[in-house]
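The values are calculated or read from the model by the stated rules, or taken from the named source; none is laboratory data. If you're wondering where the values come from, they're calculated on a predicted model, not measured in any experiment. As a convention, Cβ positions derive from the backbone with ideal geometry for all residues, glycine included, and neighbour counts pool all protein chains shown. Accessible surface areas use protein heavy atoms only, side chains included; no ligands, DNA or RNA. Shrake-Rupley method; radii C 1.70, N 1.55, O 1.52, S 1.80 Å.
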Amino acid sequence: MIFLVVFGHLIEPLINQNDFIKTIYMFIYSFHMPVFIILAGVLTKLDMTDEQTTKNIRTLIVPFLVFTILYEIVNLISNKSISQ
């Protein structure tokens, strides 16, 4: 995750020059901070049972992924309608 943040900062000056680079940049920045927050919360409990781990995945990670995907779809559709 840290590598992706550094890489995002590295390519930031180039995002207006290439659509592919802008796509990579937007992809990285669409999820990197929420993942840091989730990982920090999960890793603060070092002695979690398998049941707690499953619960965390089901109640934190799955909703995060669902809403991130929905957000990206809406963002993609709105960007296409703006550019037309």
*Selection count where residues are of a type in the set (Asp, Glu) and at pLDDT below 85, scope segment 47-71*: 1
*Identify, by number, the condition in (1) at pLDDT 85 or above; (2) over 17 Å from the mean Cα position of the chain (by Cα) that Thr44 doesn't meet.*
(1)
*Here are some residues: Glu72, Glu51. Which one is in a helix (DSSP H, G or I), open to solvent by 90 Å² or more (accessible area, probe 1.4 Å) and among the acidic types (Asp, Glu)?*
Glu51
*Filter segment 8-28 down to the residues that are within 25 Å of Val66 (Cα to Cα) and open to solvent by less than 70 Å² (accessible area, probe 1.4 Å), then identify the one that is nearest to the chain's Cα centre (by Cα).*
Ile28
*Which condition number does Ile38 fail, the rest of (1) surrounded by 11 or more Cβ atoms within 10 Å (Cβ to Cβ); (2) modelled with pLDDT of 85 or more being met?*
(2)
*Any chance Leu4 is open to solvent by less than 70 Å² (accessible area, probe 1.4 Å), at pLDDT below 85 and either among the hydroxyl-bearing types (Ser, Thr, Tyr) or touching a helix residue (DSSP H, G or I) at 6+ places or on another chain (Cβ under 7 Å) (or both)*: yes
*What pairs come up if the first residue lies in segment 31-42 and is over 15 Å from Leu4 (Cα atoms) and of a type in the set (Val, Ile, Thr), the second is at pLDDT 80 or above and open to solvent by 50 Å² or more (accessible area, probe 1.4 Å), and their beta carbons are under 6 Å apart, counting only those six or more places apart or on different chains?*
Ile38/Leu60
